[in-house]
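The values are calculated or read from the model by the stated rules, or taken from the named source; none is laboratory data. Owing to the predicted nature of the structure, the values given are computational and were not obtained by experimental measurement. Cβ atoms come from the backbone with ideal geometry, glycine included; neighbour counts cover every protein chain shown. Note: accessible area is taken over every heavy atom of the protein model, side chains too, but ligands, DNA and RNA are not part of it. Shrake-Rupley method; radii C 1.70, N 1.55, O 1.52, S 1.80 Å.
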Amino acid sequence: MLIARAELEGGEVQDVRVQRGVITAIGTLEPLPEETVVAAGGGLLLPGLHDHHIHAAALAASLTSVRCGPPEIADAEAFAAALQAAPGGGWLRGTGYHESVAGLLDAAGLDAIVADRPVRVQHRSGRMWFLNSAALDILLADHAPPPGLEREDGRFTGRLFDEDAWMKRALGSHPPCLAAVGAILARAGVTGLTDMSPANDAVMARHFAAQGADRSLPQRVLLAGRMDLTSADMAGRVQLGPAKLHLHEADLPDFDDAVSFVRAAHARGRAVAVHCATEVELVFTLAAFDAAGVEPGDRIEHASIAPDSAVDEIARLGLAVVSQPHFVAERGDIYRTDVEPDLQPLLYRLGAFRDAGVTLAAGSDAPFGGPDPWAAMAAAVSRRTRDGELIGEAEALTPEQALDLYLRAPEALERRRRVAVGAAADLCLIDRSWAQARRALEAVRVRAAWVEGRMILDGVDQAPV
């Protein structure tokens, strides 16, 4: 395949030849006999973008769920209307709920909205479910209540904390088809993803491999998850990723247990990724890494609130950070209400990490955030909420720095991928030059994307040559 007249980073317009899944030549090239030619028309050709933090199965499930939180749903009336309008008569699944809509839900409140079918609504954090009485009856019919099911005055409230594995068993659910996820990511030019679900096990590894084999999910996958995942569980384009430690400030593990987790992962040759959504979780994690030692690939997920002292410690330890810059745009107006004013400039910092020499990458956290990397890049540059308010203006990146967040090598975030001879032909062609794209990143459209030289998105409007 010859991609003709593509702009490369730096501004040069060149032809790029791909053979057997690898870039073999760049320059002024003539088509070979019977070679497929794609006319780039001066559009920018990039390495395929990589989403460095996503939950693919949850995103797939969310696509058939009722949206229950901001910005689509902003108050109790809209929330009730959304649930009542849902078609069908079986399980009703809601996602993205935030207590700013109608407070902390419970079974009685949900029963008042929908009582004739089982309802489960997920908090946007991903760590809590709200169940109505019909849902509780079904889930508890054949399964003992787990510790995370809240009880008050001898009655279950319908609030379920950190018990996804239990609920999956009680529902008898199976991993979803990931074809819709693959298509969404391909349209954005994403050719690889790091799935950060902490419960990922050998079953999920086989599922990802099967979805890749039948091309439902054409992207490369770096699979983080449980400690007992091994390379032997991987197949196809699925590669073993970090061991995931998912912290919760209200229920932190014993410090020595956290240190042992990090050391055990390192002993297995695996990096460690730690969820840090609060300052307390971040401080705890940095102390654990300091005690256990840091190995290449160790990383902080989110670093949602990072004071200067934590930024300096992350740099000293040599940890990478994977951020969600779009949360400032998507959630910023709620942050301005819920987060103390002196902490707001510390939310999802970017510039401070770069200035400190910390390796920085970005992921969507979808379905808990939007999956569009171009919108996230725009948010990293603007640092504005939906209402136009600035949060942490000093953390803003240049367009080039924002793009860089998605071009890091997933297995070695310190390395930056480029279109070069010998590189894998995981590529993304956009509809304009970089000079145009950098002025309005959210407006970029992807014309074509390839994984190993095979086209996974074809939006090039031309007759075949």
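Backbone amide hydrogens, once placed in the peptide plane, bring residue 222 within less than 5 Å of 193, 194, 195, 239, excluding anything fewer than 5 places away on its chain. Value of Rg to Rh for the stretch 347-462, rounded to two decimals, is 0.98; Kirkwood radius and Rg both from alpha-carbon coordinates. With all protein chains kept in place, the per residue accessible area of the chain amounts to 42 square angstrom at a probe of 1.4 angstrom. For the chain, find the longest principal axis of its Cα atoms and tell me its angle to the long axis of helix 327-338, 0 to 90°, nearest 10. That helix lies at roughly 30 degrees to the long axis. Could you state the angle between the C-alpha long axis of helix 202-213 and the longest principal axis of the C-alpha atoms of the chain, as a value from 0 to 90 degrees rounded to the nearest 10? Between helix and principal axis, roughly 40 degrees. Model label points for residue 231 and residue 117, set 7 angstrom from Cα along the Cα-to-Cβ axis, are 4.8 nm apart.
Calculate the dipole size of the chain relative to its Cα centre from +1 charges on Lys and Arg beta carbons and -1 charges on Asp and Glu beta carbons; express the result in debye to the nearest 20. Present the calculation step by step, with values, prior to reporting the outcome.
Values: 44 positive and 64 negative charges, 304 e Å.
For this selection, approximately 1460 debye.
Place +1 on the Cβ of every Lys and Arg and -1 on the Cβ of every Asp and Glu in the chain, take the dipole about the Cα centre, and give the residue among 31, 172, 260 whose Cα lies farthest towards its positive end. It is 31, whose Cα lies furthest towards the positive end. Inter-part distance, the stretch 1-66 to the stretch 144-191, computed on C-alpha centroids, equals 35 Å. Share of carbon and sulfur in the accessible area of the stretch 17-80 stands at 55%, probe radius 1.4 Å. Karplus-based coupling profile of the stretch 178-190, in residue order and whole Hz: 9, 4, 5, 5, x, 5, 4, 5, 4, 5, 8, x, 8, with θ = phi - 60° in 6.51 cos²θ - 1.76 cosθ + 1.60 and x standing for Gly or Pro. Across the stretch 296-309, rounded Karplus estimates of 3J(HN,Hα) from the backbone phi angles (6.51 cos²θ - 1.76 cosθ + 1.60, θ = phi - 60°) give x, x, 5, 8, 9, 8, 6, 6, 4, 10, 10, x, 4, 4 Hz, Gly and Pro being marked x.
For the stretch 1-118, the dipole from Cβ point charges (+1 on Lys and Arg, -1 on Asp and Glu) about the Cα centre works out to 280 debye, to the nearest 20.
Cut-off 14 Å, label point 7 angstrom out along Cα-to-Cβ of residue 418: give me the residues of the stretch 45-61 whose amide nitrogen falls inside. Hits in the stretch 45-61 for residue 418 at 14 Å: 46-47.
Round to the nearest 0.05 the FRET efficiency obtained for residue 168 and residue 24 when R0 = 60 Å and r is the Cβ-Cβ distance. Calculated value: 0.85. Axis angle, to the nearest 10 degrees, between helix 255-267 and the longest C-alpha principal axis of the chain: 30 degrees. Scanning the chain for trypsin sites (Lys or Arg not before Pro) lying in DSSP loops with no more than 11 further Cβ atoms inside 10 Å, the longest uninterrupted stretch between such sites is 21-438.
Distance between the pseudo-spin-label points of residue 84 and residue 108 (7 Å out from Cα toward the beta carbon): 2.1 nm. Per atom type, the stretch 314-387 shows carbon and sulfur on 45% of its accessible surface, probed at 1.4 Å. Seen from all directions on average, the stretch 69-202 presents a Cα convex hull projection of 9.8 nm².
Look at the alpha carbon pairs under 8 Å that are at least 6 residues apart: their mean separation over the length of the chain gives a relative contact order of 18 percent. Think of the chain as a dipole: +1 on every Lys or Arg Cβ, -1 on every Asp or Glu Cβ, centred on the Cα centre; then among 64, 322, 423, 423 lies furthest on the positive end.
With all protein chains present, how much of the accessible area of the stretch 213-275 (probe radius 1.4 Å) comes from carbon and sulfur, to the nearest whole percent? All intermediate terms of the calculation are to be shown ahead of the outcome.
Values: 1330 of 2930 Å².
That fraction is 46 percent.
The 3J(HN,Hα) values that the Karplus relation (6.51, -1.76, 1.60; θ = phi - 60°) gives for the stretch 383-399 are, in residue order, 6, 10, 7, 4, 7, x, 7, 8, 10, x, 4, 5, 8, 4, 9, 6, x Hz. Gly and Pro appear as x. For the stretch 133-225, the relative contact order comes to 25 percent (Cα pairs under 8 Å, sequence separation of at least 6).
Averaging Cα coordinates gives a centre for the stretch 323-387 and one for the stretch 253-317; these two points are 20 Å apart. Set the Förster distance to 41 Å, then compute FRET efficiency between residue 386 and residue 203 from the Cβ-Cβ distance, nearest 0.05. Between residue 386 and residue 203 the formula returns 0.60.
What is the projected area of the convex hull of the Cα atoms of the chain, averaged over all directions, in nm²? Show your work: numbers first, answer last.
Numbers: hull surface 92.3 nm².
Dividing the Cα hull surface by four gives the mean projection, 23.1 nm².
Between the exposed loop cleavage positions of the chain, defined as GluC sites (Glu not before Pro) in a non-H, G, I, E, B DSSP state with at most 10 neighbouring beta-carbon atoms within 10 angstrom, the longest gap is 35-465. Using the Cβ-Cβ distance between residue 252 and residue 153 with R0 set to 22 Å, the FRET efficiency from 1/(1 + (r/R0)^6) comes to roughly 0.20.
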